[in-house]
Amino acid sequence: GQQVVCVRTEDINISGSLYRNKLKYANFRRKHMNTNPRQGPFHYRSPAKILWRTIRGMVPHKTARGAAALDKLKTFEGIPHPYDRKKRMVVPSCLKVLRLRPERRFCRLGDLSKEV
């Protein structure tokens, strides 16, 4: 595989209204280890970490191959120094125009992470 760097993760669109996604994320944040919550599942607030965790759920991260794939992924809010001068690429199949019908509600990942 190749190195993949996701920048400006705060501008990612999520389907569903902000209210609905806040409820879903609040439900997810309630889950922790009963005896010692510090060991339990960690719930990140930053958009970059939320995206990273979402992608981790789609990758077999407990295998060597999946762990290697996750090591090649970097996520950032904004565009940090080494990447601000590089040519960026938009994945056309991920555009809101192609993924969401016009009347459907959506929210930004940055707004969700501010609210939770």
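The values are calculated or read from the model by the stated rules, or taken from the named source; none is laboratory data. Keep in mind that this is a model prediction, so the values were computed, not measured. Reconstructed Cβ throughout: ideal geometry from the backbone, glycine too, with neighbour counts over all protein chains shown. The area values use the complete protein model at the heavy-atom level, side chains included, leaving out ligands, DNA and RNA. Shrake-Rupley method; radii C 1.70, N 1.55, O 1.52, S 1.80 Å.
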Is it the case that the stretch 8-18 has a residue that's within 26 Å of Lys96 (Cα to Cα), touching a Pro at 6+ places or on another chain (Cβ under 6 Å) and part of a helix (DSSP H, G or I)? yes
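Do any helices (runs of 4 or more DSSP H) lying entirely in the stretch 27-116 carry at least 1 residues that are under 15 Å from the mean Cα position of the chain (by Cα) and touching a residue at least 40 places away in the same chain (Cβ under 8 Å), and which ones are they?
Details: elements: 47-56, 64-71, 81-84, 96-99, 109-115.
Hits in the stretch 27-116: 47-56, 109-115.
So which residues in the stretch 67-83 are open to solvent by 100 Å² or more (accessible area, probe 1.4 Å) and of a type in the set (Asp, Glu), if there are any at all? Talk me through it step by step, then tell me what you get.
Initially, the stretch 67-83 is screened for residues open to solvent by 100 Å² or more (accessible area, probe 1.4 Å), giving 71, 81.
Correct list: Asp71 only.
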Checking Lys24, Lys31, Lys86 in turn, the sole residue that is of a type outside the set (Asp, Glu) and surrounded by 12 or more Cβ atoms within 10 Å (Cβ to Cβ) turns out to be Lys24
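Right, Asp111: farther than 25 Å from Gln3 by Cα, among the charged types (D, E, K, R) and open to solvent by less than 100 Å² (accessible area, probe 1.4 Å) or not? Walk me through how you get there before you give the answer.
Details: farther than 25 Å from Gln3 by Cα: yes; among the charged types (D, E, K, R): yes; open to solvent by less than 100 Å² (accessible area, probe 1.4 Å): yes.
In short, yes.
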Determine which single condition Leu100 fails, assuming it passes every other condition in (1) open to solvent by 90 Å² or more (accessible area, probe 1.4 Å); (2) over 16 Å from Gln3 (Cα atoms). (1)
